[in-house]
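Chemist: Got a structure here, written out as structure tokens. Questions coming.
Only the coordinates and a few stated rules stand behind these numbers; no lab work does. These figures come from a predicted structure and were not determined experimentally. Here Cβ is always computed from backbone atoms with ideal geometry, including for glycine, and neighbour counts include all displayed protein chains.
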Amino acid sequence: MEVKSQARKHSWAEPYKMKMVELLKMTTHEERVNAIREAGYNTFLLRSRDVYIDLLTDSGTSAMSDHQWAGMMMGDESYAGSENFYHLEKTVQECYGYKYVIPTHQGRGAENIISKIMIQPGDIIPGNMYFTTTRLHQELAGGTFEDVIIDEAHDSKNLHPFKGNIDLNKLDALIKKYGAKKIPYVSVATAVNMAGGQPISIANLKAVRALTEKHGIKIIHDMTRVAENAWFVKQRETGYENKSVTEIVKEICSLTDGATMSAKKDALVNIGGFMAMNDKSLYEEASNMVVVYEGLHTYGGLAGRDMEAMSIGIRESLSDDHIRARIGQVEYLGHKMMAAGIPIVQPIGGHGIFVDAKEFLPHISQNKFPAQTLAAEIYIDSGVRSMERGIVSAGRNKETGEHYFPELELVRLTIPRRVYTQAHMDVVSESVEEVFLNRKNIKGLNLNFEPKYLRFFQARFEPLH
Ligand code: F0G
């Protein structure tokens, strides 16, 4: 009998199996109502023991592999010149292509140092949408961040395949307005977090490179989720279908001058980061500054074992099978929620599902914190912890003291890598659906405590009646 050949569907099923599990506590509705009240209706202030499925962040929450754990036992805890540092340096050079690397305790440690070295008071830093810690370090160094992402990124329904792209006209206008001397670098993020994990295309990055080179402006790459960006390039950009994630990542990095990395995301570790660059004098300044804030340039605030786990994690993170499963799981959850009519940011991004709280709760105005409210309601319903990414995260204008009112008012359900199962994703979707059915009864929140920096972490709220 003749068997007709069929194009075989490639499932996103995980390329690993479980060897150890962590038991979770199931809570009652009453326990959760009390827990969120005590947390001031801020999911950052919940105790993790009161959380069932923790989708607060994909940062430092991934499961390490047996190889990474084995690497932890190979820690060379020498103060200077640890063998693990040289493994990390070699991995960064081989996988990302940057010449010099300096470890830091996490991403913001690198952002602090790069901002302090490169930014002068009064400088302008254009970028493809702000990130909370990145912008704050730019501001603390005396700079002002200017958003030059394409307009489509601010519209949760727009289906542009590369919503992380930079609008070249906006960037060009800024260079004309302020002059290239006032712009030390363009801050280019891959898989733009605050836009919903949206990728930048290589074509766009090349065009940004051409424009900035003409003016002698550098590009500093926030490469926290570069592998996820590369997967979308492979899926969506002509000419990249047959390239591997490893090759695409290297090409992206080659179009930039340096990078800051939070290895707690893509690179599959619970703690760690680094900065990397090609310019020797920038490296020398950074390796001098790192001893002030983080530690010697061969450990930067990390244990040797952390650097070993990171260098193994970086290599694992670049496997096509790994990324297919990682993003496949995010897409599984997103499609399920869309089928239930939940308004989410589209296209589905790389690291989580972003629920459009403005559309979910149209009766709650933005100054009553709809996304903050929705995150608290989802927690009360099921013990699923998510995070606000809207007006609370955006903070206040440093000149006027007014709230920023971002277009996107989102709740982020962020998926840790290699941690939860498809059944967990079903529970998450069912819980959001339940809250959606009862949305008319939900009221907003009042902000009653606000810290000075990065207020979303520690702000407290009370319910409006
Ligand atoms: N850049 C991006 C794009 C990030 O998402 C983060 C952290 C950082 C820099 C800072 O790195 O936390 O290691 O100091 N994002 C986490 C999140 C906190 O939940 O999105 P870090």
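Chemist: Suppose R0 equals 51 Å. What FRET efficiency, 1/(1 + (r/R0)^6) with r the Cβ-Cβ distance, do Glu241 and Phe44 give to the nearest 0.05?
Modeler: In this case the efficiency is close to 0.80.
Chemist: Have a look at Ala195, Pro161, Gly179 and report the one farthest towards the positive end of the charge dipole of the stretch 158-197, computed about the Cα centre with Cβ charges (Lys/Arg +1, Asp/Glu -1).
Modeler: Of Ala195, Pro161, Gly179, it is Gly179.
Chemist: If you don't mind, another one. With θ set to phi - 60° and the Karplus curve 6.51 cos²θ - 1.76 cosθ + 1.60, what are the ³J(HN,Hα) couplings of the stretch 161-176 in order, to the nearest whole Hz, using x for Gly and Pro?
Modeler: Using θ = phi - 60°, the values come out as x, 10, 6, x, 5, 8, 7, 5, 5, 5, 5, 4, 5, 5, 5, 5 Hz.
Chemist: Based on the Cβ-Cβ distance of Val292 and His67, what FRET efficiency does E = 1/(1 + (r/R0)^6) give at R0 = 35 Å, to the nearest 0.05?
Modeler: E(calc), rounded to 0.05, equals 0.55.
Chemist: Which order do Tyr283, Tyr96, Tyr453 fall in if you start with the one that has the fewest other Cβ atoms within 10 Å?
Modeler: Tyr453, Tyr283, Tyr96
Chemist: Let me ask another. Report ³J(HN,Hα) in whole Hz for each residue of the stretch 380-389, in order, from the Karplus equation J = 6.51 cos²θ - 1.76 cosθ + 1.60 where θ = phi - 60°; Gly and Pro get x.
Modeler: Result, rounded to whole Hz: 4, 5, 9, x, 7, 9, 10, 9, 6, 9.
Chemist: Now a separate question. If you average the alpha carbon positions of the stretch 85-112 and of the stretch 131-207, how far apart do those two centres end up, in angstrom?
Modeler: Answer, in whole Å: 23.
Chemist: For Gly395, which sequence-distant residues (separation of 5 or more, or a different chain) have an amide H within less than 5 Å of its own amide H, given hydrogens modelled in the peptide plane?
Modeler: Tyr404
Chemist: I would also like to ask the following. Using the structure shown, list the pairs from Lys90/Lys234; Lys17/Lys358; Lys116/Lys170; Lys163/Lys336 with a Cα-Cα distance above 29 Å, or answer none.
Modeler: Over 29 Å Cα-Cα: Lys17/Lys358.
Chemist: Restricting to the chain, what percent of DSSP beta bridges are antiparallel, rounded to 5?
Modeler: 65
Chemist: Now for a different question. Please quote Rg/Rh for the chain to two decimal places, taking the Kirkwood radius as Rh and restricting both calculations to Cα atoms.
Modeler: Expressed as Rg/Rh, it is 0.96.
Chemist: List Cys95, Cys253 from most exposed to least, where exposure is judged by having the fewest other Cβ atoms within 10 Å.
Modeler: Arranged by neighbour count, lowest to highest, Cys95, Cys253 become Cys95, Cys253.
Chemist: Which value, in debye to the nearest 20, describes the size of the charge dipole of the chain about its Cα centre when Lys and Arg Cβ atoms bear +1, Asp and Glu Cβ atoms bear -1, and nothing else is charged?
Modeler: Here the chain has a charge dipole of around 440 debye.
Chemist: Something else: Mind sorting Tyr86, Tyr240 by how few other Cβ atoms lie within 10 Å of their own Cβ, fewest first?
Modeler: By the 10 Å Cβ count, ascending, the order reads Tyr86, Tyr240.
Chemist: If we sort 174-183, 286-295 on the protection proxy, mean other Cβ atoms within 10 Å, highest first, what's the order?
Modeler: Descending packing order for the listed peptides: 286-295, 174-183.
Chemist: Please list, in order along the stretch 82-95, the HN-Hα scalar couplings obtained from phi with the Karplus expression 6.51 cos²θ - 1.76 cosθ + 1.60 (θ = phi - 60°), rounded to whole Hz, x for Gly and Pro.
Modeler: 4, 4, 5, 4, 5, 5, 5, 4, 5, 5, 5, 5, 6, 8
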